[in-house]
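In what follows, a structure is listed as structure tokens, so that the remarks can point back to it.
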Amino acid sequence: MTGTTAPLSAPGAGVGRSGRVALWLRSVRTGFLPILTVIAGLILIWYFACIPMNAQQSVLLAERAGQTVTPETAADRRGMSGAAIALRNPAAAMASAFVQDRPRLPAPHQVAAELWGSTVGLAVTSKRSLVYHAWVTLSATLLGFAFGTALGILLAIGIVHSRVMDMSVMPWAIVSQTVPIIAIAPMIIVVLYSIGLQGIVPKAIISTYLSFFPVVVGMVKGLRSPDAMQLDLLRTYGSNQNQTFWKLRLPASLPYLFASLKIGICASLIGAIVGELPTGAVAGLGARLLAGSYYGQTVQIWSALFAAAILAAVLVGLIGAIEKVLLRRMGLNA
Amino acid sequence: MTDTDLHPWKNTPGGPEGRGAAPPSVVRADGLNLTFQTNDGPVHALKEVDLSVAKGEFVSFIGPSGCGKTTFLRCVAGLETPTGGTLTVNDMSPDEARRARAYGYVFQAAGLYPWRTIGGNIRLPLEIMGFPAAEKKRRVAETLKLVDLDGFEKKFPWQLSGGMQQRASIARALSFDADLLLMDEPFGALDEIVRDRLNEELLALWDRTGKTMLFVTHSIPEAVYLSTKIVVMSPRPGRISDVIDSPLPRERPLDIRDSREFIEIAHRVREGLRAGMDAV
Amino acid sequence: MTDTDLHPWKNTPGGPEGRGAAPPSVVRADGLNLTFQTNDGPVHALKEVDLSVAKGEFVSFIGPSGCGKTTFLRCVAGLETPTGGTLTVNDMSPDEARRARAYGYVFQAAGLYPWRTIGGNIRLPLEIMGFPAAEKKRRVAETLKLVDLDGFEKKFPWQLSGGMQQRASIARALSFDADLLLMDEPFGALDEIVRDRLNEELLALWDRTGKTMLFVTHSIPEAVYLSTKIVVMSPRPGRISDVIDSPLPRERPLDIRDSREFIEIAHRVREGLRAGMDAV
Amino acid sequence: QDEVNLQLKWVTQAQFAGYYVAQDQGFYEEENLDVTILPGGPDIAPPQVLAGGGADVMVDWMPSALSAREKGLPIVNIAQPFKSSGLMLTCWKDTGITGPEDFRGRTIGVWFFGNEYPFLSWMSQEGIPTDASDDGITVLKQGFNVDPLLQRQADCISVMTYNEYGQVLDAGVTEDELVTFKYEDQGVATLEDGLYVLEENLEDEAFRDKMVRFVRASMKGWKWAEENPEEAAMIVLDNDATGAQSEEHQVYMMGEIAKLTEGANGALDVADYERTVETLLAGGSDPVISAQPEGAYTLEITDEALN
Amino acid sequence: MILVLFALTLWAAAFALNIRLAAGPHTRAVHLAVPLIFGLTILAMWELIVRGLDVPMVILPAPSLIAGAFTDNLPVLWADLNQTFVKGALTGYAIGATAAFAVALLADRYTFLKRGLLPVGNFMAALPIVGTAPILVMWFGFDWQSKAAVVVVMVFFPILVNTVAGLTDTQAMQRDLMRTYGASYGQTLLKLRLPAAMPFIFNGLKISTTLALIGAIVAEFFGSPTLGMGFRISTSVGQLALDMVWAEIVVAALAGSAFYGIVAFIEKRVTFWHPSHRG
Ligand SMILES: Nc1ncnc2c1ncn2[C@@H]1O[C@H](COP(=O)(O)OP(=O)(O)OP(=O)(O)O)[C@@H](O)[C@H]1O
Ligand SMILES: Nc1ncnc2c1ncn2[C@@H]1O[C@H](COP(=O)(O)OP(=O)(O)OP(=O)(O)O)[C@@H](O)[C@H]1O
Ligand SMILES: Cc1ncc(C[n+]2csc(CCO)c2C)c(N)n1
Ligand SMILES: [Mg+2]
Ligand SMILES: [Mg+2]
């Protein structure tokens, strides 16, 4: 076992040994097989976990249906773990583990069915359609992301070019991220309300607040990534600060920029969702999450959760694709 | 900024005319001192360096690691500010000379920008100095041919071998045709065969254009083979321990290195180096 | 794992005894082939390499960049698996030899671990091979002195100059006193003077301990100065184009390099190299 | 048309049917009003929105409004469409709880965010500490749903007759498994869902006139909703942008809400007001309000609107 | 209005002072003073503008009021900090970091697992906390355990991803060196890959510090005992006690920055050898 992992990742090591076999093995390892296996494993665990997680309710349903269960009353079962209850009443626990209306843990197929039903199964204009809600959230996300990226890049440029900005802004940018956004989101909304800003902008501003930080950090790192020699080269040409920025700092920072954009868009999505709560949570994935939670609709919560994660994955994938195209055109193979 | 500042190629002499007259001093250092302030005390990198380089000379700098070769070249380039003494480049301060784009600098590592093609890298100084489009194109093509890289214009640096990258970086320094070339171990990373070839070509270029060369190397044969003047340096504090004028002819086939004259100069350089080391 | 595996120093011969007998073959390659599979087709890095290295020999490998020197050394070290032919090290497979800790390897770059002090770096192989504490201490002190680094035990790698780092990496390979040393351009990054010193010391060490040396270099004088046998390689596909047995005596003062014999061998090596290049 | 922004206390649901009906049926339009209804939520404090100028009028519970008034935000009740309180505690019967005294040592879920005042003042009247001590109550800050009860993380939780109680029953729990304590029955009821505005705005004649018309149209909406509960529920459903409400639940809620608005014409019953103030003042060591409020309501708007 | 103008003048003055300080020699004092002056200026402007424009206290209280609430409620703030930060955030952080670390070692050992786990992990990292918090409160109860669970979920993936990346961040030559010694997997891990991974691991640990505190606070919005920073914030907003809300925010910022600072300090000690720390 020693070193079966090491040589494969070492450039120049190990390829010779197994020749084509190694190449083939690599393509399998980089392919979908591992992901599918892991997903399959997780789903299996998930299904299995449904049994004890939902046992209280399953057994209660059986009791109400007149079956004898042990212990006999809900009060007696109160302190028991789900696993213990399931073990004592295997039949009852199995019978309704995957079909409850308000399960503690919905089964995968319930979530999948709800996701399918509320996306493909409905017109996108319907208020019950997740596509509609995802769009509401997405629009705020994108606007906030655009603001956040612009703000982040501007701050980074300032920080890189001015010592005062560097010394005074950076520590406070870190502090700003330790402030719980959910606490100040309502205040931001109210303040903006009172100056007449409503709708998408307040949500976008919360997205901005969350997404500017990764961009600042990444861009400062990126704009400072040219080494002394690359900078000296331009000095030997008598280049001015402006030229140095456009010809050296900016192109050198692009890989860093994209890495932080990927984090930034996720932060932005979370910001938009958080921002939906104090705006009356009338529409959007956050509203769906909350509405699901008012009425204990666990299946609805889970499907909204997955919709949000899928949206994030798509956005990150999109940025990744842009990155690939751009960086390849620049000869920096990602 | 004046018009000539923006369009420096307008008054680039370009050819070897005027070489017949008494050569003017291109670089002149008088009692040059440079001390770096570091966390654990000052480092005396250059001490009382006196040197005068005439137009058209090929000067090599040789000396053990850390003796101040790079530092001296950086001072000439205006990238480092001496803490004492005077230094002029073309009778200007090094900083003025830098702004006037008086020299081309080849760093020890190729240092090509990875997001630019080979052609784009060579075009970089031309863009910054504001050459017109047609001129840029012409010069890129010309210098690419000079270093034997035509056909590779569209390739990215990592698609080339180390030796080719090094040649591209030399082309970049040549593209705007400065009269003075500062080269810091340009061939350090190359194997002996490729190095020999590039040495020959560099010599031919120098002979053809009459540029002034300041050349840092670790290799004694290289220094002897290339130079009209060899500056031997010794460390801590960095100073010049010997200046050897080469009696070798301008025409130098590669096998001149097996000649007795050559071996004698090499021996003198080696002795100079050793003496400098033992003095420490 | 056997006891000797854990305590290899127990059966380290250490001294030069047994050198009088007919020298056994330490490394033997027969029709060695190695082809790398890459995305754009196979690269034939080694083709039909035959070589036998006797105990106590000092063998240098020289050849242009990419001719397979490093690859051959890596095969001997069991870091790369040949795709054809046979290769034995101490009559074992290279992989077995690696596990038996039969050799010390010096990489082209120093490659010290930056989180360990110089002493800690030299101690690393000793820790892994399970030497007892007192023995570790003794050996670290001893090898530090050998490479002239005593006093620097507590320093971190980045606090040393490049040359000192290189010496530390040599010390690391020497510390556990293997009989076979594989060195891949160990002095590539050093200036000529330091290089000369280390060459002398390496020769003295070899002479004293009777180790077997496989040594890769780009420098013709270095190869000639050090070796009892010079292997000249040529590229694409990498193969041995010439094997030169050196008639130089074991005792070699530095200025043997100005002798005619030396220059002749150097010339032959250079010709061999050039022939290999032109054949491509 | 005059613009009016109405800030609700909670999300779009039949609890606010009167306003949605008035808008849907054109009652506001008849009064020449352009009303925007702003739904609330767990993160929205209506008095804050009012203070910030985001709304002209809000729906709030009186304890929270009086407390805000004491904190220096001068808000005034201008109408009271809800006559009775829908607040109650629901406990599992099998815990053996029969009366408030049995709460000692129990875990009880309570809504906070300004909704905790009725519970706290009730408990301090009963003399039961809420500090998690052995003979006191362990209070949980209850989330948005009835899970704490269903999961048996709490012995009792707060519910509204018209909403959460229905959810408990929906989850399959039968009424005889539960014991309920209505605040109304315990004599600690406080007024819920009144309409409040900023005091300074009332000095403006145009604003008063706007509110008169608003209250008149809103009460018309409430009466319509009481008479047509099913249609009212559907109107609410149409206005729910989350698409998460179900028809059955809104019809149920409308039915229960109608019981609470019954007997109210929108005018504040001063006796109810005084009972509420008394309850809040009686809070023992830590009363919700410490002094008799002055000018916390006005009858002028309803007088003008309803006569 | 005069106060507002005064605020703007103050801003200009402080900025000028900072420019002069930053242009001078960079002593330790200057490094502290510049951000401090920046922060104090913002506070002063806040105070002046809130007073100058007569912003209602229930919208934005002046810093002086917040300071008052802070000093008047120290015991409450301390108890809240203990509940949310020490019990919720720190426990969750420790568990999450340990678990992430263990899984990273497994994923590192079995390439198959790594290739499968990381994409799935990235996906799960995108689950919004607003949705996971209610579920975890339902599963783990109202007390700090559910907050710790939320924190575990939030910090797990940043640390996992960074650790895995770090463990593979050794140079081929460094690994080959170990092979020439015939080193075992464990020896290679202990003496090469873990030390080499430390800069990455600390990157993950640093990112996670702010996530941990925020996660614990947000989770309290979805159910809690009558204690904790998130509880206090949401309850105080409902009670329009905005000065108390801001006092808690100040506590959160102090605790979060201190936590970050401590981890950054340890990082500096552990990865002293990394170029970014050598100055
Ligand atoms: N892992 C690898 N995959 C593919 N090709 C490789 C690999 N390692 C080496 N090669 C190729 O094998 C050939 C020999 O490489 P090797 O490193 O042995 O050369 P070398 O003689 O050591 O050169 P240098 O003097 O530059 O160190 C080269 O053409 C190289 O590109
Ligand atoms: N920026 C700096 N700060 C502090 N000391 C420096 C700096 N640059 C160089 N030095 C020191 O100045 C001395 C001369 O360095 P320099 O780089 O000029 O040497 P060199 O002759 O070019 O050596 P090499 O052959 O290794 O390139 C060395 O001792 C070096 O440590
Ligand atoms: C965080 C939170 N705060 C308050 C309430 C209470 N609340 C305000 S309006 C209303 C009526 C109907 O549901 C209720 C119960 C809650 N549920 N959740
Ligand atoms: Mg140098
Ligand atoms: Mg090699």
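The values are calculated or read from the model by the stated rules, or taken from the named source; none is laboratory data. Note that the structure is predicted; figures quoted are calculated from it, not measured. Cβ: placed from backbone, ideal geometry, glycine included. Neighbour counts: every protein chain shown. The accessibility values were calculated without ligands, DNA or RNA, using every heavy atom of the protein model including side chains. Shrake-Rupley method; radii C 1.70, N 1.55, O 1.52, S 1.80 Å.
Descriptive notes on the structure:
- A:F258 open to solvent by less than 30 Å² (accessible area, probe 1.4 Å), at negative phi and away from chain D (no Cβ under 14 Å): yes
- Only one of E:K206, E:K268 that is open to solvent by 20 Å² or more (accessible area, probe 1.4 Å) and either more than 19 Å from E:V152 (Cβ to Cβ) or part of a loop (DSSP other than H, G, I, E, B) (or both): E:K268
- Number of residues in region D:142-160 that are out of contact with any strand residue (DSSP E or B) (no Cβ under 7 Å at 6 or more places or on another chain), at the interface with chain E (Cβ under 7 Å from one of its Cβ atoms) and part of a loop (DSSP other than H, G, I, E, B): the value is 3.
- Whenever a residue of region E:214-238 is more than 10 Å from chain D (Cβ to nearest Cβ), its partners that are of a type in the set (S, T, Y) and crowded, with 24+ Cβ neighbours inside 10 Å, lying with C-beta atoms within less than 8 angstrom and at least six residues away or across chains, give the pairs E:A216/E:T84; E:I217/E:T84; E:A219/E:S146; E:M229/E:T84.
- Residue check for D:D135: open to solvent by 10 Å² or more (accessible area, probe 1.4 Å), of a type in the set (D, E, K, R) and free of Cβ contacts under 8 Å to residues at least 60 places away in the same chain: yes
- Enumerated helices (runs of 4 or more DSSP H) restricted to region A:40-96, each holding at least 1 residues that are surrounded by fewer than 21 Cβ atoms within 10 Å (Cβ to Cβ), of a type in the set (D, E, K, R) and over 32 Å from the mean Cα position of the chain (by Cα): A:55-64, A:74-77, A:82-88
- With respect to the conditions (1) surrounded by fewer than 18 Cβ atoms within 10 Å (Cβ to Cβ); (2) modelled with pLDDT of 85 or more, A:V215 falls short on a single one, namely (1).
- Put simply, of C:P237, C:P186 the only residue that is open to solvent by less than 10 Å² (accessible area, probe 1.4 Å), more than 9 Å from every other protein chain (Cβ to nearest Cβ) and more than 16 Å from ligand 3 (Cβ to nearest atom) is C:P186.
- Meeting the requirement of 3 or more residues that are at pLDDT 90 or above and of a type in the set (S, T, Y), the helices (runs of 4 or more DSSP H) wholly within region E:84-159 are E:91-109.
- Test: residue in region A:28-35 that is at pLDDT below 80, of a type in the set (D, E, K, R) and in a helix (DSSP H, G or I): yes
- Which listed residue, of E:A99, E:A69, is away from every other protein chain (no Cβ under 14 Å) and either open to solvent by 60 Å² or more (accessible area, probe 1.4 Å) or of a type outside the set (F, W, Y) (or both): E:A99
- Annotation: of all residues in region A:123-143 being touching a residue at least 24 places away in the same chain (Cβ under 8 Å) and touching a Gly at 6+ places or on another chain (Cβ under 6 Å), the one that is surrounded by the fewest Cβ atoms within 10 Å (Cβ to Cβ) is A:K127.
- Extreme residue, farthest from the other protein chains (Cβ to nearest Cβ), among residues of region D:85-114 that are open to solvent by 30 Å² or more (accessible area, probe 1.4 Å) and within 16 Å of ligand 3 (Cβ to nearest atom): D:W111
- Inter-residue pairs, beta-carbon under 8 Å, first more than 7 Å from every other protein chain (Cβ to nearest Cβ) and in region A:219-247, second of a type in the set (D, E, K, R) and not in a helix (DSSP H, G or I), 6+ apart: none
- For first residues located in region D:189-205 and open to solvent by less than 10 Å² (accessible area, probe 1.4 Å), partners that are of a type in the set (G, A, S) and part of a loop (DSSP other than H, G, I, E, B) and lie 6+ apart or on another chain with Cβ distances below 6 Å form the pairs D:A189/D:S85; D:E192/D:S85.
- Once region E:215-254 is narrowed to residues that are part of a loop (DSSP other than H, G, I, E, B) and among the hydrophobic types (A, V, I, L, M, F, W, C), the residue that is farthest from E:F85 (Cα to Cα) is E:L240.
Rundown of residues vs (1) among the basic types (K, R); (2) in contact (Cβ under 8 Å) with a residue 60 or more places away in the chain; (3) touching an Asp or Glu at 6+ places or on another chain (Cβ under 9 Å); (4) more than 16 Å from E:Q171 (Cβ to Cβ), yes/no style:
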{"position": "C:Y105", "(1), (2), (3), (4)": "no, yes, yes, no"}
{"position": "C:Y113", "(1), (2), (3), (4)": "no, no, no, no"}
{"position": "C:P125", "(1), (2), (3), (4)": "no, no, no, yes"}
{"position": "C:F152", "(1), (2), (3), (4)": "no, no, no, yes"}
{"position": "C:P157", "(1), (2), (3), (4)": "no, no, no, no"}
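- For region D:161-172, filtered to residues that are within 12 Å of chain A (Cβ to nearest Cβ) and either within 15 Å of ligand 3 (Cβ to nearest atom) or touching a residue at least 24 places away in the same chain (Cβ under 8 Å) (or both), the residue that is most open to solvent (accessible area, probe 1.4 Å) is D:D170.
- Cross-chain or 6+ apart pairs with Cβ under 7 Å, region A:79-93 first and closer than 15 Å to A:L60 by Cβ, then of a type in the set (S, T, N, Q) and not in a helix (DSSP H, G or I): A:R88/A:T70; A:N89/A:T70; A:A92/A:Q67
- 3 or more residues in contact with a Lys or Arg (Cβ under 8 Å, 6 or more places away or on another chain): qualifying strands (runs of 3 or more DSSP E) within region D:83-141: D:87-92
- Matching residues in region B:63-118 - criterion: being assigned to a loop (DSSP other than H, G, I, E, B), out of contact with any Ser or Thr (no Cβ under 6 Å at 6 or more places or on another chain) and more than 10 Å from every other protein chain (Cβ to nearest Cβ): B:G68, B:T81, B:P82, B:N90, B:D91, B:S93
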